[in-house]
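I have placed the structure first, in the form of structure tokens, so that the comments after it can refer back to it.
What follows is calculated from the coordinates using simple rules that are stated; it is not laboratory data. The shown structure was predicted, so the numbers you read here are calculated from the model rather than taken from an experiment. FYI the Cβ positions are ideal-geometry reconstructions off the backbone, even for glycines, and counts take in every protein chain you see.
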Amino acid sequence: MMKEISFIRQHIEKWKQLESVVDRVSEEHPERLADAYMEITADLSFSRSHYPRSRITVYLNNLASALHHSLYKNRKESGSRIVAFWKTEIPRVMYDSRKELRYAFLVFLISAAIGCLSTLNDDLFPRLIMGNGYIDMTLNNIERGEPMAVYRSMSPVPMFFYIMINNVRVSFIVFLLGLLSGFGTGVVLFYNGVMIGTFQTFCFQQHVGLESLLTVWLHGTLEISAVVVAGAAGFALGNGWLFPGTYPRGYAFRRGAVRGLKIAVGTTPVFILAAFIESFLTRHTETPAGIRGGFILLSLAFVIYYYIYLPKRFSHEHSSKS
């Protein structure tokens, strides 16, 4: 059993932050109050079980009561909560999941490198990954001088709905596969990384590498980034029950599931936008390279701002108020 002094040392800084949440309750979003309440009640449950007569149990009980009162006194049911979800909740949960995001990105990056190296060393590897039909079609398109003609093989509107539904489905599959301790999530990320690395390397071998970059990443910057973010959601779910820390495993799992679900939901608009770009814009391969390159950089700037910079800034602003 964990000694009381170790329990206090491990959580004292968090409790101080939760005290500050109570002090400035009018400035806090209801979601933040709910998360704070869940955290403190888990600690209170542990303390009651192991140190029932300790002063720390009384302290945690008082703090939980204060948070409970603040939560239900200040609960708001309005459309502004939807705006606040995208404006503050997603950046906050992304900051809390920054380790999972790094893991997801590393898995994707390493697998893309494996796809690249495997293609360079084995001419048959692209057929193994992409399939003979797709490779033969691409080679035929290259011979006709239209290497990326596959993006014009379907009418824009049905293509948009097909891609949108498929992308959102993949997002939640990647998240739910976190139930397999994150292994399933890692497999999907790995496969997508190998496929991207393989296809891009194959295109460079066929001397259409630049065209493939400008075409694929026009929509792929948002789409692939959202897949990686969804991977972070899956890892958050898996880590919740695999590494509960001092929390009861059931509570840690629920907490990880809520965090992962928020991230998965947060990727939905990005996937929808990526589907729109792929269906209506990517097909126009005659668009000047400078315009397409600028659009790719703009998409990359958005991803970095919303999923990396904004969470860090939000965390720093939150800490400065503590």
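What to note about this one:
- Between residue 127 and residue 305, the FRET efficiency from the beta-carbon distance, with R0 = 51 Å, is close to 0.85.
- Remark: the stretch 103-110, residue by residue, has Karplus-estimated 3J(HN,Hα) of 4, 5, 5, 5, 4, 5, 5, 5 Hz, where x stands for each Gly or Pro and the curve is 6.51 cos²θ - 1.76 cosθ + 1.60 at θ = phi - 60°.
- Calculated [222 nm] ellipticity per residue, helices only, for the chain: -26500 deg cm²/dmol; basis is -39500 (n - 2.57) per DSSP H run with n ≥ 4, divided by all residues, nearest 500.
- Between 52, 311, 91, the residue with the greatest mean-square fluctuation in the GNM of the chain (Cα pairs under 10 Å linked by springs) is 52.
- For the stretch 133-147, putting each phi into the Karplus relation 6.51 cos²θ - 1.76 cosθ + 1.60 with θ = phi - 60° gives couplings of x, 5, 5, 5, 4, 5, 4, 5, 5, 5, 4, 7, x, 10, x Hz, in residue order, rounded to whole numbers and with x for Gly and Pro.
- Each peptide among 165-172, 55-62 gets the average number of other Cβ atoms lying within 10 Å of its residues, and from highest to lowest they stand as 165-172, 55-62.
- Helix 183-205 axis, angle to the chain major axis (alpha carbon atoms, nearest 10°): 30
- Between residue 207 and residue 16, the FRET efficiency estimated from the beta carbon spacing at R0 = 51 angstrom works out to 0.25.
- With θ taken as phi - 60° and the Karplus curve 6.51 cos²θ - 1.76 cosθ + 1.60 applied, the whole-hertz 3J(HN,Hα) list for the stretch 226-231 is 5, 5, 5, 5, 4, x Hz, x standing for glycine and proline.
- C-alpha center-to-center spacing [the stretch 190-222, the stretch 276-296] in angstrom: 15
- Packing-based order for 127-135, 41-49, using average beta carbon neighbours within 10 Å, highest first: 41-49, 127-135
- For the listed residue pairs 14/99; 3/262; 16/312, the alpha carbons are over 23 angstrom apart in 3/262.
- Applying 1/(1 + (r/R0)^6) with R0 = 41 Å to the Cβ-Cβ distance of residue 106 and residue 53 gives a FRET efficiency near 0.30.
- Kirkwood Rh in Å, taken over all unlike Cα pairs in the stretch 184-322: 17.1
- Taking 301, 252, 275 in turn, the Gaussian network model of the chain (Cα-Cα springs below 10 Å) assigns the largest fluctuation to 301.
- Between the C-alpha center of the stretch 94-129 and that of the stretch 134-174 there is a gap of 21 Å.
- Added length on full extension, which subtracts the Cα-Cα distance from 0.36 nm per residue, residue 254 to residue 312: 18.4 nm
- Listed residue (60, 195, 20) projecting farthest to the positive dipole end of the chain, Cβ model: 60
- The chain: most fluctuating residue of 265, 228, 150 per GNM, C-alpha cutoff 10 Å: 150
- Nearest 10 degrees, 0 to 90: helix 156-176 Cα axis against the chain principal axis: 40
- Spin-label pair residue 157/residue 286, simplified geometry with 7 Å Cα→Cβ offset, distance in nm: 2.3
- Shown here: the chain, whose C-alpha atoms stretch 80, 41, 31 Å along the first, second and third principal axes, sorted largest to smallest.
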